[in-house]
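Structure first, commentary second.
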């Protein structure tokens, strides 16, 4: 029974902290350190992140379908015009804007994608594994970043995001490779630092999460296959994954409302207090 409770707690923590700017990886490390479990954290992260991915994809399902459709529609038109020399129908402005927005997401994904592969191949952050003090420091850094943009309102709409903006937001996402640096926090800070409206920065941040999460999940499949889990243990991971997905869904909706209202200061206070407590007592 205690084992089931451990998986439930970790699923709840992952699900709640994935969308909000407090770092899910950092909190999983903290909770695991406090509970002193022998759960494989890499497998847990792979599966529970998949649960969170499903939840966020479901929230943005209509937007994702539209972006995919318009992106490939424009690609086909470009191919027909340049390669086949065929006359093409003129795309409406909305279709073009969706095509351009898709390109922005691709550009924003590149920095973290490249750095993630380098970090994984070279094991650059292996020395930080289970380094709780470091998580405390990075939580303080997260608090500082959130504090810096707490009152920013922003003016840019979706169709005003530049390729430079997307690249800079993508660079901010690189910092989230460090445990304790929130991915959503880093990208929202990046977006708002580029004068994006709060809701615009939020949506770009979470749509940017999807390709990165898919790539991370694919890289983690190798560890999952090689784990040779027994049926009972595998089912416990599935329970944690389902819980993570459900909680992520509601936490994302709640966090979006917080961002729209400009109440990021709540997370500044939280990250500062937790980071300080971790450094002093753990």
Between the stretch 173-208 and the stretch 131-151, what is the C-alpha centre distance in whole Å? 14 Å
Mind giving me the nanometre distance, one decimal, between the label points for residue 97 and residue 57, set 7 Å out from Cα along Cα→Cβ? 2.7 nm
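Once R0 is set to 51 Å, what does the formula 1/(1 + (r/R0)^6) return for the Cβ-Cβ distance between residue 69 and residue 228, expressed as a FRET efficiency to the nearest 0.05? Please report the intermediate quantities before stating the final value.
Values: r = 41 Å, r/R0 = 0.81.
For R0 = 51 Å, the calculated efficiency reads 0.80.
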Find how much the distance from residue 131 to residue 76 grows on full extension, using 0.36 nm per residue of separation minus their present alpha carbon separation; answer in nm with one decimal. 14.9 nm
With Cα atoms, 0 to 90° folded angle of helix 265-281 axis to the chain main axis: 40 degrees
Extending each Cα 7 Å along its Cβ direction at residue 4 and residue 218, get the distance between those two points in nm, one decimal. 3.7 nm
Please work out how much length the chain gains when fully extended from residue 195 to residue 158, using 0.36 nm per residue of separation minus the C-alpha to C-alpha distance, in nm with one decimal. 12.2 nm
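Which value results when the Cα radius of gyration for the stretch 234-282 is divided by 2.2 N^0.38 Å?
On the way: Rg = 15.3 Å, N = 49, 2.2 N^0.38 = 9.7 Å.
My calculation over the Cα atoms of the stretch 234-282 gives 1.58.
For the chain, what does -39500 (n - 2.57) per DSSP helix run (n ≥ 4), summed and divided by total residues, give at 222 nm, in deg cm²/dmol to the nearest 500? List each step's numbers first, then the result.
Working: 11 runs with 215 residues, N = 282.
Estimated from H runs of four or more residues: -26000 deg cm²/dmol.
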Taking the Cα atoms only, what angle lies between the long axis of helix 231-260 and the longest principal axis of the chain, rounded to 10 degrees? 60 degrees
Averaging sequence separations of C-alpha pairs under 8 Å and six or more residues apart, then dividing by the length of the chain, give the relative contact order as a whole percent. 37 percent
Using only the Cα atoms of the stretch 2-281, what are the Rg and Dmax in Å? 19.7, 69
Proxy reagent accessibility, fewest Cβ within 10 Å first, across 174, 278: 174, 278
Please work out the Cα center distance from the stretch 210-268 to the stretch 4-18, rounded to the nearest Å. 9 Å
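None of the figures in this text is laboratory data; all of them are computed from the coordinates on show. Since this is a predicted model, take the numbers as computed values, not measurements. Cβ sites come from the backbone with ideal geometry, for glycine too, and all protein chains shown count toward neighbours.
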